[in-house]
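One structure is given below, encoded as C-alpha cells.
The values are calculated or read from the model by the stated rules, or taken from the named source; none is laboratory data. Note that the coordinates shown come from a computational prediction; the quantities given were computed from them, not determined experimentally. Glycine also receives a Cβ, built like all others from the backbone with ideal geometry; neighbour counts cover every protein chain displayed.
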Amino acid sequence: TAVNQSFPVNATLNTDSVKVLYPLIPGESATTEVIFETTNSNVKDLFDINPDHFIVQVAGRTNWNGQAENFSWDTCAFYGSLSLKIPLILQSNFLVFSDTIQINSNIQNGTTGKLLLKAVNGFPFAMKLKLQLFEPGGNEIAETIEFGNIASAEVDVNGKVSKAVETLVELEVENSLVEILQKTKTAVIIMETDKIGNETEPVSLYSNYKTAITVTFEKGKN
C-alpha cells in the first residue's frame with residue numbers, strides 16, 4: 001500500500017489458489033514458494049504507486065482433499081516471508097569517466113617526438129578521450145590534448161561485453177607542448193561517451209568492466 005491507497009496484486013497462475021505444501025511427519029516442515037513477476041502478474045503497476053509497506057494475507061484449509069488426516073501440534077508454526085527483487089535499469093545518453101595521474105617527465109630541451117596512446121576499452125560504448133595537463137602547483141589547465149575516438153568493446157546479443165577492443169593513437173608533439181610536458185606533474189584523463197552500443201539497443205554495465213590506458217612519449221630521430 002501507499003499513502004491513502006491500496007493496490008491488490010493480481011496474478012495469472014495455473015490454478016485459482018496456491019497449494020501450500022505440508023509435512024507428512026510431525027516435526028518436519030515443508031516450504032512453498034510462489035513467484036509473482038511481470039509475465040504473470042501486475043507487480044510492475046504496483047511499484048508505480050511507490051508503496052511504503054506490503055500486506056500479505058493467507059487463508060488456508062486443512063484436509064482440503066479429504067483423502068488424509070492432517071495434524072496440528074502445539075509446537076507447529078506457520079512462517080511466511082516476502083522478498084522483492086527489483087532490477088536496476090540505468091538509462092543514459094552521456095557518461096564521463098576521469099582519473100588523475102602523476103607525470104614523471106625526463107624530456108630534454110629541444111626534444112621532438114610524439115605521444116603514443118594505447119587504450120584497451122572494456123566498456124560497451126565508444127569514447128572520446130582527452131588529456132588535461134595542469135600547471136605545476138596549481139589547478140590551472142596548461143594544455144588539453146585531444147586523442148579522438150576510442151573504439152567500443154564488442155558486445156553479445158544480451159548487451160554484455162564479450163571482448164575488449166584496443167585503440168592506438170599517435171600525436172605529433174610540438175615544441176610548445178614539449179615545454180609543458182617538462183613542467184607538468186599532474187594530468188587528468190577524461191573519457192566521454194561518444195556512442196553507447198548501437199544507440200538503439202540497451203547495454204549492460206558490470207563491476208568488472210575496465211579500460212586500460214597507457215600514454216608514452218616517443219623521442220623523435222634527429
Check: Hey, does the range 155-164 have a residue that's out of contact with any helix residue (DSSP H, G or I) (no Cβ under 6 Å at 6 or more places or on another chain), more than 18 Å from residue 211 (Cα to Cα), hydrophobic (A, V, I, L, M, F, W, C) and surrounded by 15 or more Cβ atoms within 10 Å (Cβ to Cβ)?
Finding: no
Checklist line | First in the range 130-142 and over 13 Å from residue 190 (Cα atoms) and modelled with pLDDT of 85 or more, second anywhere and surrounded by fewer than 18 Cβ atoms within 10 Å (Cβ to Cβ) and of a type in the set (Asp, Glu), Cβ under 7 Å, 6 or more apart | finding: 134/140; 142/135
Next item on the list: Report the residue count in the range 167-194 for those that are loosely packed, with under 13 Cβ neighbours inside 10 Å and either touching a Ser or Thr at 6+ places or on another chain (Cβ under 9 Å) or at pLDDT 90 or above (or both).
Entry: 5
Margin query: Restricting to the range 142-178, and then to whatever is in a strand (DSSP E or B) and more than 17 Å from residue 117 (Cβ to Cβ), can you tell me which residue is nearest to the chain's Cα centre (by Cα)?
Written below: 161
Margin query: Based on this model, can you work out whether residue 78 counts as of a type in the set (Phe, Trp, Tyr) and modelled with pLDDT of 75 or more?
Written below: yes
